């Protein structure tokens with residue numbers, strides 16, 4: 001009987017292989033047509049890339065427009081609307097050669113004059129640009145030299161310049177359309193991208209249609225216009241409704257919305273859908289110490305906490321293991337990451353933690369609480385007021401209690417939290433970041449950003465500053481990698497942060513969609529997607 | 001009657017003045033700065049200050065309020081901080097969806113609530129009465145974000161009859177309207193029941209019965225008509241609750257209404273937008289209740305206004 005059953009199964013498998021094989025190996029020609037339905041939790045604020053501050057608008061801008069330069073699937077800067085570029089030795093003068101025969105959606109040609117008009121608009125005070133204006137940095141002037149040559153002069157050297165130009169909010173918009181439409185441009189944007197704007201039904205959906213003239217896409221996507229006819233972005237604020245709508249087939253892709261970990265697990269278990277993942281470009285949650293406040297003025301205490309916290313269970317409880325434990329200030333998804341940090345950084349070691357605490361003078365007192373000079377080891381952890389941050393803080397609280405450390409959790413609304421951290425009112429906080437380049441060392445650790453920027457550790461350390469400045473001025477990539485390696489070691493040595501985890505984002509896609517690629521910057525290469 | 005109407009309209013002015021002042025103050029007293037929220041953590045101090053100046057948020061509060069009121073008097077509710085479009089336009093885009101949903105839910109709640117309340121009051125078997133009241137208790141206690149999801153699960157995912165996130169057409173209106181109407185119909189059922197019971201105990205009912213009228217004729221022609229006055233009052237108040245409830249239901253069913261616009265405006269501290277929405281909803285609420293006052297007169301000719 002058992003043999004027969006085995007035989008039957010084997011026979012079925014042979015039949016299945018014979019049936020499926022031709023399908024799998026046949027060269028499937030991408031079929032044009034159809035529509036892809038995306039979903040977002042947050043409604044775009046505006047579709048004017050220069051006036052937006054919403055993350056979702058950035059995603060739409062990748063469909064609607066092209067930046068001067070862009071990044072390939074390995075993160076190298078490659079040609080966008082500019083086919084080549086040069087920079088002067090002092091890093092102040094950037095010259096861009098534009099592609100020929102590029103047209104805006106309104107029919108106007110892309111010229112040097114148009115690029116100038118677009119960038120000038122982003123920088124103009126009357127545009128009141130929240131993000132785009134700052135991306136271009138300290139621009140002194142933009143000039144059109146000839147029909148297709150643009151020269152951007154900077155007031156001072158600005159190392160994130162090229163990287164910032166790849167941001168979707170730095171796309172070139174049609175200055176004529178922007179001028180004609182005025183305030184309505186945000187509801188009828190005109191770019192050069194693979195898709196044209198068609199309609200925005202307030203609170204409901206944004207509809208884009210294929211740009212049939214599109215021949216100037218980045219080298220990592222196929223040449224020519226995109227395959228699908230229409231892109232629809234549905235606005236669905238409720239996470240449970242998003243997943244239900246996806247399961248019912250009302251949505252093609254669960255992107256740019258982020259599905260909660262429990263739904264990811266459940267959808268995976270149905271085995272019906274294709275999944276794509278990308279690691280967050282940043283640390284999702286790190287504990288940071290204010291080195292000017294007791295008890296964290298002592299590096300031994302900070303390091304003790306780095307040894308005391310067990311990160312695996314935090315990742316498990318908070319994210320259902322949909323991510324990675326973090327060791328240093330950079331994730332592997334950002335260029336400059338040093339792989340050796342895994343072994344170099346303090347791992348979970350209660351013995352070492354206790355030894356360091358004792359060395360720093362903290363002895364068990366009444367009720368098991370650590371004491372030093374008659375004072376108990378208590379501190380406040382400032383967090384942003386949301387469920388995930390609170391959950392993680394509670395796990396840390398429970399873990400530290402075992403060492404006799406009393407941690408109080410103090411949640412704040414995000415803006416208020418930033419103000420308090422800038423003012424240095426905290427002893428420690430948990431936060432996360434997302435960024436495209438390792439320049440986060442400057443933003444989060446340089447002493448010039450104490451009190452005004454993101455240096456919430458309030459650490460003023462000339463040696464660290466020197467390394468950071470070197471990382472920004474050094475031009476050899478090999479040497480920069482070495483500097484970033486040293487920076488990662490330094491931040492870990494000084495235990496300014498206890499990096500906790502990095503989340504992996506999951507995108508579920510209906511099985512009839514083919515050709516999907518995920519860009520490491522965390523978006524789908526939509527031009528290559530087609531329906532079977 | 002006309003004098004009453006005019007007085008009623010005049011009363012609108014202080015009401016709305018109070019409502020806008022309350023919202024203006026509440027929004028500004030809650031922690032959170034629209035500019036900081038827009039710029040996120042990478043916005044530098046200088047950028048924050050520059051944008052705040054450009055948006056006119058650095059002016060003193062009384063000045064901001066006076067400007068808002070002065071403009072509102074001319075029908076201009078300002079420019080949204082978040083979307084940079086005219087508040088009036090955005091509200092105009094969203095209003096029809098919310099009004100449709102609220103009206104559908106009100107009608108549904110009135111029909112269902114009044115019928116089952118009447119049935120409960122006049123049912124001669126206590127079992128029916130208890131069943132109806134238990135049903136209304138469930139309707140009343142279930143939060144809409146939960147009942148909405150249950151309905152989606154049953155009718156959209158399992159049975160596949162109705163869409164989840166579509167927002168146009170009658171089919172798309174069914175689930176949200178049922179979700180929104182459930183608690184209101186429960187309230188109305190309870191009020192109707194007690195009000196009908198009270199009327200049924202009165203002498204003119206005994207007269208009607210003794211002259212040989214059929215049971216249903218007594219209930220519908222005499223009892224219900226007299227019992228409807230308190231029910232109507234509650235219906236007017238429920239209209240406000242339904243507008244508020246639409247916020248949640250619109251989120252669950254992804255309907256493009258005013259409620260979601262309000263939530264976004266509050267979360268991003270979009271002051272002009274939030275103030276504008278409250279003003280519009282306030283006007284609607286006051287008008288609905290004024291209308292209900294007028295309907296009293298038709299139901300009970302003894303009620304007249306000087």
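None of the figures in this text is laboratory data; all of them are computed from the coordinates on show. This structure is a prediction, so every number in the text was calculated from the model and none was measured. In this analysis, Cβ positions are derived from the backbone assuming ideal geometry, glycine residues included, and neighbour counts consider all displayed protein chains.
Of the residues B:239, B:253, B:155, which exhibits the maximal mean-square fluctuation in a Gaussian network model of chain B defined by a 10 Å Cα contact cut-off?
Of B:239, B:253, B:155, the most mobile in the Gaussian network model is B:155.
Under Stokes-Einstein, with the Kirkwood radius over Cα pairs standing in for Rh, what whole-number D in µm²/s applies to segment A:451-493 at 25 °C and 0.890 mPa s? Working shown, then result.
Details: Rh = 11.2 Å.
Answer, rounded: 219 µm²/s.
Using only Cα atoms, what Kirkwood radius does segment B:158-253 have, in angstroms? Show your work: numbers first, answer last.
Values: mean 1/r = 0.0628 Å⁻¹.
Every distinct Cα pair counted, the radius reaches 15.9 Å.
For chain B, set up a Gaussian network in which alpha carbons nearer than 10 Å are linked by springs, and say which option among B:246, B:182, B:86 fluctuates the most.
Residue with maximal mean-square fluctuation among B:246, B:182, B:86: B:86.
Quick check: from the Cα gyration tensor, does segment A:153-225 come out rounded (a/c under 1.5), prolate or oblate?
On the way: a/c = 2.08, a/b = 1.29, b/c = 1.61.
Oblate shape, in that a/c is at least 1.5 and b/c is the bigger or equal ratio.
How would A:61, A:287, B:142 line up from fewest to most surrounding beta-carbon atoms within 10 angstrom? Write down the numbers at each step before the final one.
On the way: A:61 26, A:287 23, B:142 16.
Listed from fewest to most nearby Cβ atoms, that is B:142, A:287, A:61.
Rounded if a/c is under 1.5, else prolate if a/b beats b/c, else oblate: with a ≥ b ≥ c from the C-alpha gyration tensor eigenvalues square-rooted, which is segment A:308-353?
Numbers: a/c = 3.32, a/b = 1.15, b/c = 2.88.
Verdict is oblate for segment A:308-353.
Pop out the Kirkwood hydrodynamic radius of segment A:93-192 from its pairwise C-alpha distances, inverse of mean 1/r, in Å to one decimal. Write down the numbers at each step before the final one.
Working: mean 1/r = 0.0720 Å⁻¹.
Roughly 13.9 Å, rounded to one decimal.
In degrees from 0 to 90, rounded to the nearest 10, what is the angle of the helix B:61-73 Cα long axis to the longest principal axis of chain B?
Roughly 60 degrees, rounded to the nearest 10.
Give me D for chain A in µm² s⁻¹, whole number, from Stokes-Einstein with Rh from the Kirkwood sum over alpha-carbon pairs, 37 °C and 0.692 mPa s.
Details: Rh = 25.7 Å.
Calculated translational D: 128 µm²/s.
Can you tell me the orientation of helix B:126-141 relative to chain B, as the angle in degrees between its alpha-carbon axis and the longest Cα principal axis, to the nearest 10?
0 degrees
Computed from the mean reciprocal separation of all distinct C-alpha pairs, what Kirkwood hydrodynamic radius does segment A:276-329 have, in Å? Could the numbers behind the result be given before it?
Numbers: mean 1/r = 0.0773 Å⁻¹.
For segment A:276-329, the Kirkwood estimate is 12.9 Å.
Give me the one-decimal nm value for the distance between modelled label points at residue A:84 and residue B:115, 7 Å along each residue's Cα-to-Cβ direction.
Each label point is offset 7 Å from its Cα along the Cβ direction, giving 7.8 nm.
For segment A:417-482, take the alpha-carbon Rg, divide it by the Kirkwood Rh, and send me Rg/Rh.
Numbers: Rg = 13.0 Å, Rh = 12.8 Å.
Across segment A:417-482, the Cα-based Rg/Rh ratio is 1.02.
Note down the nm distance, to one decimal, between modelled labels 7 Å out along Cα→Cβ at residue B:202 and at residue A:215.
My value for the distance between the label points is 8.4 nm.
Once you have a ≥ b ≥ c as the square roots of the Cα gyration tensor eigenvalues for segment A:59-144, tell me rounded if a/c is under 1.5, and otherwise prolate or oblate according to whether a/b is larger than b/c.
Numbers: a/c = 1.22, a/b = 1.02, b/c = 1.20.
Taking the square roots of the gyration eigenvalues as a ≥ b ≥ c, segment A:59-144 is rounded.
For chain B, what percent of Cα pairs sit more than 31 Å apart? Intermediate values should be presented prior to the final figure.
Numbers: 21007 of 46665 pairs.
Counting pairs separated by more than 31 Å, the tail of P(r) holds 45 percent.
Based on alpha-carbon positions alone, could you give the equivalent ellipsoid semi-axes of segment B:90-198 from the gyration tensor, as √(5λ), descending, whole Å?
Values: eigenvalues 169, 57, 21 Å².
Ellipsoid half-lengths, sorted descending, are 29, 17, 10 Å.
Less than 18 Å from a label point 7 Å out along the Cα-to-Cβ axis of residue B:214: which backbone N atoms in segment B:101-127 qualify, by residue?
Within reach of a label on residue B:214: B:119, B:122-124.
Cα-Cα pairs above 20 Å in segment A:333-456: how many percent? List each step's numbers first, then the result.
Working: 4502 of 7626 pairs.
Here the tail beyond 20 Å accounts for 59 percent of pairs.
Equivalent-ellipsoid semi-axes (√(5λ), Cα gyration tensor) for segment B:1-91, whole Å, largest first? The partial results should precede the final answer.
Numbers: eigenvalues 223, 38, 25 Å².
Listed largest to smallest, the semi-axes of segment B:1-91 are 33, 14, 11 Å.
To the nearest 10 degrees, how steep is helix B:170-200 against the longest Cα principal axis of chain B, on a 0 to 90 scale?
Orientation of helix B:170-200: about 50 degrees from the principal axis.
Say we join alpha carbon atoms closer than 10 Å with springs in a Gaussian network model of chain B; which of B:175, B:150, B:213 then has the biggest fluctuation?
B:213
In whole angstrom, note down how far apart the Cα centers of segment B:1-38 and segment A:118-172 are.
When both Cα centres are located, 42 Å separates them.
Output the relative contact order of chain A, whole-number percent, from Cα pairs under 8 angstrom with separation of 6+ residues.
Numbers: 1058 pairs, mean separation 97.4, N = 532.
With pairs under 8 Å counted, the relative contact order is 18 percent.
Multiply the residue gap between residue A:73 and residue A:179 by 0.36 nm, knock off their C-alpha separation, and tell me the result in nm, one decimal place.
Details: separation 106, 0.36 × 106 = 38.16 nm, distance 3.49 nm.
Full extension of this stretch gives 34.7 nm more.
With a point put 7 Å past each Cα toward its Cβ, work out how far residue A:277 is from residue A:386 in nm, to one decimal.
In this crude label model, residue A:277 to residue A:386 measures out at 2.1 nm.
Roughly how far apart, in whole Å, are the Cα centres of segment A:33-51 and segment A:341-387?
46 Å
Could you work out the equivalent-ellipsoid semi-axes for segment A:270-426, taking the square root of 5 times each eigenvalue of the Cα gyration tensor, largest first, in whole Å? If you can, show how the numbers build up before the last one.
Values: eigenvalues 173, 72, 53 Å².
Ellipsoid semi-axes (Å, largest first): 29, 19, 16.
Take segment B:91-154, drop everything but the C-alpha atoms, weight them equally and run the Debye formula without solvent; then report log10 I(q)/I(0) at 0.18 Å⁻¹ to two decimals.
Treating every Cα as an identical point scatterer, log10 I(q)/I(0) equals -0.84.
Just want to confirm a number: the relative contact order over chain B, from Cα pairs under 8 angstrom separated by 6+ residues, in percent. Provide the component values of the computation, followed by the final result.
Values: 328 pairs, mean separation 85.4, N = 306.
Worked out over chain B, it gives 28 percent.
Cut-off is 10 Å between beta-carbons; in what order do A:262, A:149, A:40 appear when sorted fewest neighbours first? Walk me through the intermediate numbers first.
On the way: A:262 12, A:149 15, A:40 24.
With the fewest neighbours first, A:262, A:149, A:40 line up as A:262, A:149, A:40.
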